[in-house]
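Take a look at the structure below.
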Amino acid sequence: MTEILRLRNLHKSFGPLEVLKGIDLAVAQGEVIVLIGASGSGKSTLLRCINFMEIPTSGRVFLHGTPVGRQTSSGVSYVERELTQIRARIGMVFQHFNLFPHMTALQNVMEGPRTVLKCSPDECRNRADNQLRKVGLEWKADAYPSQLSGGQQQRVAIARALAMEPEIMLFDEVTSALDPELVGEVLITMKELADEGMTMLIVTHELGFAYSVADRVLFLADGNVLEQGSPPEVLTYPKEEATKNFLRGHSSFRLPEPQLD
Amino acid sequence: MGYQFDFSAVIGNWKLLLIGLQNSIILGATCLVLGLSLGLIVGGMRYMRAPIVNWPATAFVEVFRNTPVLVQIMWFFFAFPIISPVEINAFTAASLGLTLNTAAFSAEIFRAGIRSVEKGQWEAGKAIGMTYIQQLRRIVLPQAIRRMLPAFMNRAVELMKMTSLASVIAYGELMHKAKQISTLEFNPIEMYTVVALIFFALIFPLALFVQRFELKLKDSG
Ligand SMILES: Nc1ncnc2c1ncn2[C@@H]1O[C@H](COP(=O)(O)OP(=O)(O)O)[C@@H](O)[C@H]1O
Ligand SMILES: [Mg+2]
């Protein structure tokens, strides 16, 4: 098992508010980790510290064993150039898709390879075609985001991140803004990605999905990892009272297995 | 009433009017180009947080937006030369007033346009590894400028109308020529009617175009 990402004693504060209180985490190549926790527990902040959308207040991030930033006497100092390169290696998908509205689906997916990686036009086109095909939207290549459904927009956003050929993918509640009938197509796309061996960190409230794709589930509470383990360990047989309460809230009403054939 | 309209003196002076029209357009075009360029710079300064940059830009915008253009033009023609080491002719004074006024308004258009782009757009660019400049150039400005265009075109319309104010300091634009002709020929009714028509013919198509363009923007979302 090769380690791809490690967080060591990661802290993040916004002014007086301490959101992450010393996170330690090692992620193996190809591992799928699902983060769950109440709203405001710091899940988004944790993801955003991993690709330096937010700069950690203290602690260290290691990629393939190499620390990001330079240790100085007054803490870790970061150079914007290095952070830009790190972000290019880590894909991120947002709750609200954030597709570029002035570009077609194809142009959205080509933008990273073109502007950031400076690929040749042929290479950009190739990558974009491949990724759009992978999310099943090559037939929408020339559509603008406003002409796509929410589920399709989110799949284009996934393709846009994948076109950078990232080493890790971060997903922050990517189905929360979708109509219920569009959630499935996005989850299936993510499941396929997981099956191909992509390393993924996923924040989601879709616990059934978490159960079936996660190698490991982390329960975050109050800026700490309160409990972690395999999906059955955390989702079926939680030990901590906070985890139990959280799960109670998420499973008050359940459908017996629908008979669909 | 029984007033007999007589346009012969207007037609007889058509060369003079043409020169006036030409001067109006030169003044308007000069101030538009200079005003927009300066506005981009001032707008950028207002977007920055450092007080040493932000404060002068804010002061500039507020002063020029909240005083009459006529006062600005008169000030640059009658007051400024006293403290300025260089000679100020009517064209320079009018250009200064109108350019700075246009810059102040367009600075606000630039700033509002960039702010109107959602934070998620910057973030999406950043997340694929774009630098700040790349985010601005590839993602934010293309969206912002589309939204700013109608406002800029309205500025151009306003500016064209304001050029007539330069007549008060005897810059030889259309209005000034008309005043000269009507004093000599005693035909203010005919003369100013024609001037109004010329301005209308010049500005109305521009205004129509802006309206069309705004509708088109709305349709394409
Ligand atoms: N940029 C920010 N500035 C100030 N406070 C923030 C910022 N981002 C998040 N927070 C605060 O940090 C806490 C954790 O937020 P977040 O990581 O978004 O939680 P979650 O994703 O688990 O709902 C919240 O209290 C939130 O208000
Ligand atoms: Mg969140």
#### Entry: Options A:VAL34, A:VAL27: the member that is more than 13 Å from chain B (Cβ to nearest Cβ), part of a strand (DSSP E or B) and within 16 Å of ligand 2 (Cβ to nearest atom)
A:VAL34
### Task
Within the range A:81-100, identify whether any single residue is within 16 Å of ligand 1 (Cβ to nearest atom) and of a type in the set (D, E, K, R), and answer yes or no.
no
### Task
For the range A:162-180, indicate whether the set of residues that are within 14 Å of chain B (Cβ to nearest Cβ), of a type in the set (Asp, Glu) and within 16 Å of ligand 1 (Cβ to nearest atom) is non-empty.
yes
### Query
Hey, among A:ALA221, A:ALA210, A:ALA159, A:ALA163, which residue is among the small types (Gly, Ala, Ser), in contact (Cβ under 8 Å) with a residue 60 or more places away in the chain and open to solvent by less than 20 Å² (accessible area, probe 1.4 Å)?
A:ALA210
### Query
Name the residues in the range B:79-96 that are in contact (Cβ under 8 Å) with a residue 60 or more places away in the chain and not hydrophobic (A, V, I, L, M, F, W, C), would you?
B:SER95
### Summary
Filtering the range A:67-91 for residues that are under 20 Å from A:LEU46 (Cβ atoms), more than 14 Å from chain B (Cβ to nearest Cβ) and in a strand (DSSP E or B) leaves a count of 3
## Note on the structure
Within the range A:115-144, residues being within 14 Å of another protein chain (Cβ to nearest Cβ) and either closer than 17 Å to B:GLN121 by Cα or open to solvent by less than 70 Å² (accessible area, probe 1.4 Å) (or both) number 10
### Task
Name the one entry in A:GLY15, A:GLY40 that is within 16 Å of ligand 2 (Cβ to nearest atom), surrounded by fewer than 15 Cβ atoms within 10 Å (Cβ to Cβ), more than 17 Å from A:LEU201 (Cα to Cα) and more than 14 Å from chain B (Cβ to nearest Cβ).
A:GLY40
### Qualifying position, being out of contact with any helix residue (DSSP H, G or I) (no Cβ under 7 Å at 6 or more places or on another chain) and surrounded by 15 or more Cβ atoms within 10 Å (Cβ to Cβ), among A:THR2, A:THR45
A:THR45
### Task
Could you run through the range A:23-51 and say how many residues are away from ligand 1 (no atom under 12 Å from the Cβ) and touching a Ser or Thr at 6+ places or on another chain (Cβ under 9 Å)?
8
## Note on the structure
Within the range A:63-85, residues farther than 19 Å from B:ILE128 by Cα and touching a residue at least 24 places away in the same chain (Cβ under 8 Å) come out as A:HIS64, A:GLY65
### Task
Sort out for me the helices (runs of 4 or more DSSP H) sitting completely within the range B:81-195 that have 2 or more residues that are among the hydrophobic types (A, V, I, L, M, F, W, C) and under 30 Å from A:MET53 (Cβ atoms).
B:90-115, B:119-127, B:141-162
### Task
Starting from residues that are free of Cβ contacts under 8 Å to residues at least 60 places away in the same chain and within 14 Å of chain B (Cβ to nearest Cβ), keep the ones in the range A:50-62 and report whichever is most open to solvent (accessible area, probe 1.4 Å).
A:ILE55
#### Entry: Meets criteria (within 18 Å of A:HIS250 (Cα to Cα), among the β-branched types (Val, Ile, Thr) and surrounded by 16 or more Cβ atoms within 10 Å (Cβ to Cβ)) for A:VAL203
yes
### Message
Can you pull out every residue in the range B:59-79 that is surrounded by fewer than 17 Cβ atoms within 10 Å (Cβ to Cβ) and in a helix (DSSP H, G or I)?
### Response
B:ALA59, B:GLU62, B:VAL63, B:ARG65, B:LEU70, B:VAL71, B:TRP75, B:PHE78, B:ALA79
#### Entry: Matching residues in the range A:166-180 - criterion: being free of Cβ contacts under 8 Å to residues at least 60 places away in the same chain and closer than 25 Å to A:THR104 by Cβ
A:THR175, A:LEU178, A:ASP179
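A quick yes/no check of all residues on (1) free of Cβ contacts under 8 Å to residues at least 24 places away in the same chain; (2) more than 10 Å from every other protein chain (Cβ to nearest Cβ); (3) open to solvent by less than 30 Å² (accessible area, probe 1.4 Å):
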position: B:GLY113; (1), (2), (3): no, yes, yes
position: B:VAL117; (1), (2), (3): no, no, yes
position: B:TRP122; (1), (2), (3): yes, no, no
position: B:ARG137; (1), (2), (3): yes, no, no
position: B:ILE169; (1), (2), (3): no, yes, yes
position: B:GLU185; (1), (2), (3): no, yes, no
position: B:GLU190; (1), (2), (3): no, yes, yes
position: B:ALA196; (1), (2), (3): yes, yes, no
### Summary
Within the range A:52-68, residues within 13 Å of ligand 1 (Cβ to nearest atom) and of a type in the set (D, E, K, R) come out as A:GLU54
### Query
Quick check, is A:GLY184 away from ligand 1 (no atom under 16 Å from the Cβ), away from chain B (no Cβ under 14 Å) and under 19 Å from the mean Cα position of the chain (by Cα)?
yes
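The values are calculated or read from the model by the stated rules, or taken from the named source; none is laboratory data. Since we're looking at a predicted model, the values are computed, not measured. All Cβ positions, even for glycine, are placed from backbone atoms using ideal geometry, and neighbour counts span all protein chains on display. Ligands, DNA and RNA are stripped out before the accessible areas are found, and what is left, the full protein with its side chains, is counted by its heavy atoms. Shrake-Rupley method; radii C 1.70, N 1.55, O 1.52, S 1.80 Å.
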